[in-house]
Amino acid sequence: MSEIHEECGVVAIYHLPTGPVSPLAPAQGREEVSRLIPRMLLDLQNRGQLSAGISTYSPNRTQLLRTYKKIGSVSEAFHQSNPGKFARLMDCLAGRAAIGHVRYAPENQIDRDFAHPFERSHIKKSKWFTFAFNGAICNYSELKQELLADDASCFAREADSEVMTHFLCSAIKTYDADLFEVCRQTTKKIDGGYALAFMNAWGHMFVARDPRGMKPLCYAFDGSFFAAASESVALFNLGFSSEDIKNVPPGHMIIVAPDKGVEIKEFCPSSRAAHCFFEWIYFANAASVMDGKSVYLVRKRLGEELAKLETTPYNAEDSIVVPVPDTSKAAADGMAYALKIPCLEGLMRNRYTGRTFIDGGETRKRKAQTKYTPLPQVLEGKRVFLVDDSIVRSTTMRVLIDRLRKVGGAKEVHVRVPCPPILGPCFYGADMSSYSELFATSFMLRHYGLDGVTCSEDLSMKWNFTPEIEEEMAQDLGCDSLRFLPMKATSEAIGIPPLWLCSACVTHEHPTEYGCKLAAKALQEFKLCMKETLLDVPFQKKED
């Protein structure tokens with residue numbers, strides 16, 4: 001599933017000036033815990049490889065807040081391959097508190113100006129702040145128009161973070177250093193999913209999670225040392241135990257201040273959670289625990305659920321399960337163990353081909369051909385059950401199937417996907433925002449026609465995914481068979497009821513008001529486009 005990506009990861013760290021120095025602090029002491037940020041960001045590199053950045057706070061320097069960010073991976077941005085340069089950078093950024101960020105971005109935002117954190121300088125400490133943001137604001141256009149209604153206002157860049165900056169400034173102007181009200185007032189108009197890390201020149205910090213809990217955020221505190229991150233693995237590798245690491249509840253914020261310590265408060269009531277189900281399927285590091293559910297064990301159970309649905313004849317002599325590296329390994333292991341056939345790495349991934357997800361279709365296809373190397377010694381003459389996280393645009397999957405046959409010598413290729421087909425765009429942070437780019441959508445249209453595509457709340461009832469559609473998709477991809485895992489089985493493997501998951505890209509049931517509006521708009525645009533370009537396509541509309 002190298003064709004779809006989460007857009008960001010955030011971290012925050014603070015060593016309070018009172019009390020004993022935490023054993024988890026770096027050797028340099030509490031005033032230099034900022035040195036831990038690059039390590040934390042490396043653990044979140046799966047969430048973004050386009051840029052990395054850090055903002056630090058130290059009362060022992062004139063420049064109380066200092067921000068550094070650069071295009072590239074964490075290692076590239078922080079010059080970790082050059083020990084001297086890295087050490088000088090860490091000395092320059094030394095501080096008792098810091099926030100950090102890794103980012104993936106669409107092609108039109110590959111620029112340092114879009115990298116996080118964003119720092120806004122001011123002579124007043126409460127108005128001098130920096131923040132990092134993971135997520136998406138669904139009502140961005142409306143909020144932007146509202147802000148620009150004042151001729152004295154302007155936008156420096158087309159980004160959600162620009163809206164966030166303006167709202168933070170407005171809230172701080174009214175509420176000064178009251179971080180609870182700053183957060184509450186900043187987010188009360190925002191529709192979307194987000195995790196936010198904020199710090200001002202007073203040395204006050206807060207982290208906040210959206211009211212639906214769409215974006216993950218966890219924290220740990222040992223009495224003097226506080227840390228927060230998008231994923232638990234970043235905290236676990238600092239030395240916190242699994243018992244110490246807790247999830248920030250939806251609609252809650254954690255305020256850290258030298259004079260008050262650590263406080264957790266609800267800034268917005270949450271009527272229901274809507275955790276992104278793709279976190280467990282693909283986005284998250286397999287070593288993380290998301291909202292109490294081990295990512296690795298969930299993926300293993302997804303594979304076991306796939307095994308329950310298997311109807312293709314197989315045996316241990318000529319059948320193997322092959323994962324697409326790396327995130328589908330646990331699902332493939334679970335499936336193979338349940339079927340009692342070998343799970344072998346018939347595909348080797350070249351980890352040094354660069355980032356393919358920021359490239360266009362043809363470039364992505366060419367890079368996919370060099371990114372994975374089939375092993376004929378493993379594949380030749382075998383019935384291969386190829387396990388991949390999902391099929392979104394199908395570019396990589398087509399290349400893999402072709403190479404498994406022509407280069408690997410596989411006699412059969414059966415594709416197994418441990419999640420449902422992606423039928424709609426996501427407006428909450430994943431980079432799939434239109435119906436036209438989705439592989440499964442065209443096959444639903446062939447069966448139900450444009451008349452069967454209605455408003456978003458009815459779409460899930462109109463579009464029923466069937467074995468016949470799976471067979472057509474398999475023929476189009478060039479594999480012998482194709483099977484997706486139903487949403488019910490996916491939810492059971494995660495261990496969270498469907499009502500508490502966001503699966504809008506599958507069910508078209510968007511958990512927020514503006515998510516529904518964006519889906520309806522995208523659907524209308526898609527229908528107009530299809531009417532213009534596919535008038536001659538003979539839709540095979542199914543009867544109820």
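Annotations
- Contact map, the stretch 83-96: residues that are more than 15 Å from P26 (Cβ to Cβ) paired with residues that are surrounded by fewer than 21 Cβ atoms within 10 Å (Cβ to Cβ) and not basic (K, R), Cβ distance under 8 Å, separation 6+ or inter-chain. Pairs shown: K85/H79; C92/Y68.
- So V74, is it open to solvent by less than 10 Å² (accessible area, probe 1.4 Å) and free of Cβ contacts under 8 Å to residues at least 60 places away in the same chain: yes
- Only listed residue being touching a residue at least 40 places away in the same chain (Cβ under 8 Å), over 24 Å from R61 (Cα atoms) and either among the hydroxyl-bearing types (S, T, Y) or in a loop (DSSP other than H, G, I, E, B) (or both), chosen from S161, S170: S161
- Helices (runs of 4 or more DSSP H) wholly inside the stretch 329-412 containing at least 3 residues that are modelled with pLDDT of 95 or more: 329-339, 376-379, 395-406
- The one condition in (1) open to solvent by 10 Å² or more (accessible area, probe 1.4 Å); (2) of a type outside the set (S, T, Y); (3) farther than 23 Å from G429 by Cα that A97 fails to fulfil: (1)
- Filtering the stretch 524-544 to residues that are at pLDDT below 65, open to solvent by 100 Å² or more (accessible area, probe 1.4 Å) and in contact with a helix residue (DSSP H, G or I) (Cβ under 7 Å, 6 or more places away or on another chain) leaves Q540, K541.
- Within the stretch 265-293, the set of residues being more than 16 Å from the chain's Cα centre (by Cα), open to solvent by less than 40 Å² (accessible area, probe 1.4 Å) and more than 25 Å from A97 (Cβ to Cβ) comprises just one member, A273.
- Some residue of the stretch 85-92 being aromatic (F, W, Y) and out of contact with any Asp or Glu (no Cβ under 9 Å at 6 or more places or on another chain): yes
- Residue check for A177: buried (at least 24 other Cβ atoms within 10 Å of the Cβ) and of a type outside the set (F, W, Y): no
- Candidates V262, V256, V248, filtered to the one that is open to solvent by 40 Å² or more (accessible area, probe 1.4 Å) and within 27 Å of P38 (Cβ to Cβ): V262
- Filter result (basic (K, R) and touching a helix residue (DSSP H, G or I) at 6+ places or on another chain (Cβ under 9 Å)) within the stretch 50-97: R66, K69, K70, R96
- Of all the listed residues (K527, K521), the sole one being out of contact with any Leu (no Cβ under 8 Å at 6 or more places or on another chain), in a helix (DSSP H, G or I) and of a type in the set (K, R) is K521.
- Criterion violated by K521 - all others in (1) out of contact with any helix residue (DSSP H, G or I) (no Cβ under 7 Å at 6 or more places or on another chain); (2) without any contact (Cβ under 8 Å) to a residue 60 or more places away in the chain; (3) within 23 Å of C419 (Cα to Cα) satisfied: (3)
- Every pair of residues 6+ apart whose Cβ atoms lie under 8 Å, when the first sits in the stretch 120-138 and is farther than 19 Å from A12 by Cα and of a type in the set (K, R) while the second is part of a helix (DSSP H, G or I) and open to solvent by 60 Å² or more (accessible area, probe 1.4 Å): K127/K173
- For the stretch 122-174, the candidate set comprises residues that are among the charged types (D, E, K, R) and under 26 Å from M214 (Cα atoms); within that set, the residue that is least open to solvent (accessible area, probe 1.4 Å) is E162.
- Answer from F236, F206 - the residue that is open to solvent by less than 10 Å² (accessible area, probe 1.4 Å) and not acidic (D, E): F206
- Q49 modelled with pLDDT of 95 or more and open to solvent by 10 Å² or more (accessible area, probe 1.4 Å): no
- Of the listed requirements (1) free of Cβ contacts under 8 Å to residues at least 12 places away in the same chain; (2) buried (at least 23 other Cβ atoms within 10 Å of the Cβ); (3) of a type in the set (D, E, K, R), E231 misses just one: (1).
- Qualifying positions in the stretch 413-444 - of a type in the set (S, T, Y) and in a loop (DSSP other than H, G, I, E, B): Y428, S433, S434
- From A316, A307, A257, residue being of a type in the set (A, V, I, L, M), over 20 Å from the mean Cα position of the chain (by Cα) and modelled with pLDDT under 95: A316
The values are calculated or read from the model by the stated rules, or taken from the named source; none is laboratory data. Remember, predicted model here, so these are calculated numbers, not experimental data. Here Cβ is always computed from backbone atoms with ideal geometry, including for glycine, and neighbour counts include all displayed protein chains. Surface areas here come from the heavy atoms of the whole protein model, side chains and all, with no ligands, DNA or RNA. Shrake-Rupley method; radii C 1.70, N 1.55, O 1.52, S 1.80 Å.
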